[in-house]
Amino acid sequence: MPHWFYIYFVHVLSGKGYQFWSGIGSDIGEVALIGALIAFWGKHNCHVHRCWRLSWHPSKKYGGHVVCRHHHEDSGAALLKEK
C-alpha cells in the first residue's frame, strides 16, 4: 500500500488519516443521505409526467403504477375509504 494512501485513508480509530476523515471524508455520509433521499423520491413520486406529489395508490388507468390522489381515477373521499 502506498505511503500517501496509508496516511490519509487508514481507519480513523488508529489515529492516522485524521485529515481526510475530518475534512472531505466527512462528506461521504452527507452524500449517502442525499442519495438515499433522491432514490426514495424517485421511487415514490407520482407516475404522471411532471407531477411532484408522492404517490401511494395503485392505478388501473396507468397500468398498475402508483399515482397521487390527484391523478387517481377514484380521486376524492372514495379513494381514502377502505373497501
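Bear in mind these aren't lab numbers, they're just calculated from the coordinates by the rules spelled out. Quick caveat, the model's predicted, so the values are computed rather than measured. Here Cβ is always computed from backbone atoms with ideal geometry, including for glycine, and neighbour counts include all displayed protein chains.
Net length available on complete extension from V31 to K61 is 7.1 nm, with 0.36 nm assigned per residue and the Cα-Cα distance removed.
Between amide H atoms placed 1.01 Å from N, distances below 5 Å from H57 occur with V67, all of them 5 or more places distant or on a separate chain. Packing, taken as the mean count of other beta carbons within 10 Å per residue, orders the peptides 41-54, 24-37, 59-72 from highest to lowest as 59-72, 41-54, 24-37. For a label point 7 angstrom out from the Cα of H70 toward its Cβ, which stretches of the stretch 38-58 have the backbone nitrogen within less than 19 Å? Under cut-off, by backbone N: 41-58.
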